[in-house]
Amino acid sequence: HHLLTDPTLSPAHKVFNTSYFLYLAVLASMIHALAIPMAVEVAQRKKGYTKGLFEWLTKAPWGEPGFPAMIFSLLIFGFIGGITGVVYGTEQLSIKSHNTWAMTGHFHATVVGGTTLAFMGLTYYVIPLIFRREIIGKKWASAQPYVYAAGMILLILGMAGAGTLGSPRRHWDVTFADSIIPFSFDPTVLLFTTIAALGGILAAVGGAMYVGVSVLSVFLGRKLAPNEAKLVY
């Protein structure tokens, strides 16, 4: 995104990277975005959940932390992160947004939201299968992906909204409230920054829940016999 605004790069280089390379990246992302839900649907229908179009989805193991973590990871990374990446990946919009909170929101969607949440969900399978320990606080573990995902979605959308209105990144005062030269953003910026702050707090709570459950389970969880370790609670 920053390279698109670099005057030392040729227009041909920028056009190539924002067209053909971007198409390939989107194609790979769409393949994953379709393949993963399709695999879940096939597996669920083989288990007998065949009523209507979406029984396989409503009967999915939403109470297990690993499944909602995967779904929210897919939604946050693939849709929020993917759409903002494609939009901000155009040279015209990148010039406007590359040094604003909008770009920070995009990065949080792909890395802090999507990727991190996927590894969080994986942890709940690694602990019983690799460490041979029972998950401590299963209700907390089941709620953790929802809390973290909700917080990240609010944080990302708040950043994207404030950045679209010009709120800068990498600045100690994103509203320029104490600027020597008087300047004021649209009041909506304050609304979006507040939403981002609340989302950040909620995501931090979800992250603390994850660390607490994981650490306690690894060190204090009941040891499992080889035949007890399983993927499903």
CD proxy at 222 nm, helix term only [per DSSP H run n ≥ 4: -39500 (n - 2.57); per residue of the chain; nearest 500]: -20000 deg cm²/dmol
Please state the charge dipole magnitude for region 3-220, taken about the Cα centre, from unit charges on C-beta atoms (+1 on K and R, -1 on D and E), reported in debye and rounded to the nearest 20. 800
Set of region 138-167 residues, backbone N closer than 14 Å to the point 7 Å along the Cα-Cβ line of Lys96: 161-167
With each pseudo-label sitting 7 Å past Cα toward Cβ, what's the Ile201-Asn227 distance in nm, one decimal? 5.0
Simple label model, 7 Å out from Cα along Cβ direction - Leu24 to Thr5, nm: 2.7
Compare the Cα positions of Val112, Asn227, His2 along the charge dipole of the chain (+1 at Cβ of Lys, Arg; -1 at Cβ of Asp, Glu; about the Cα centre) and return the one farthest towards the positive end. Asn227
Quick check: residue separation of Leu216 and Val15 times 0.36 nm, minus the Cα distance between them. What number comes out in nm? 67.3 nm
Listed residues Leu198, Val213, Trp172: farthest to the positive end of the dipole of region 165-233 (Cβ charges): Val213
Taking the chain as the reference, fit the longest principal axis to its C-alpha atoms, fit the long axis of helix 20-46 to the helix C-alpha atoms, and give the angle between the two in degrees, 0 to 90, nearest 10. 20
Rounded to 10°, Cα long-axis angle of helix 116-129 versus longest principal axis of the chain: 20
Degrees between helix 138-164 axis and first principal axis of the chain (Cα, 0 to 90, nearest 10): 10
Report the FRET efficiency, 1/(1 + (r/R0)^6), for Arg45 and Leu129, where r is their Cβ-Cβ distance and R0 is 30 Å, rounded to 0.05. 0.75
Take every Cα pair under 8 Å in the chain that's 6+ residues apart, average their separations, divide by the length, and report that relative contact order as a whole percent. 23
What residue among Val86, Ile181, Val40 has its Cα farthest toward the positive end of the dipole of the chain, where the charges are +1 on Lys, Arg and -1 on Asp, Glu, each on the Cβ? Val40
Whole Å is fine, so just give me how far the alpha carbon centre of region 124-176 lies from that of region 21-94. 18
Just the Cα atoms of region 8-119: what Rg and Dmax do they give in Å? 17.6, 59
Hey, any idea what the orientation-averaged projected area of the convex hull of region 177-233's Cα atoms comes to, in nm²? 7.3
Tail beyond 18 Å, pair distance distribution of region 98-233 (Cα, percent): 60
Give the calculated FRET efficiency between Phe79 and Ile180 to the nearest 0.05, with a Förster radius of 45 Å applied to their Cβ-Cβ distance. 0.65
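Just so you know, all these numbers are worked out from the coordinates, no wet-lab data involved. What you are looking at is a predicted structure, and each value in this text was computed from that prediction instead of being measured. Ideal geometry is used to build each Cβ from the backbone, glycine not excepted, and the neighbour counts take in all protein chains shown.
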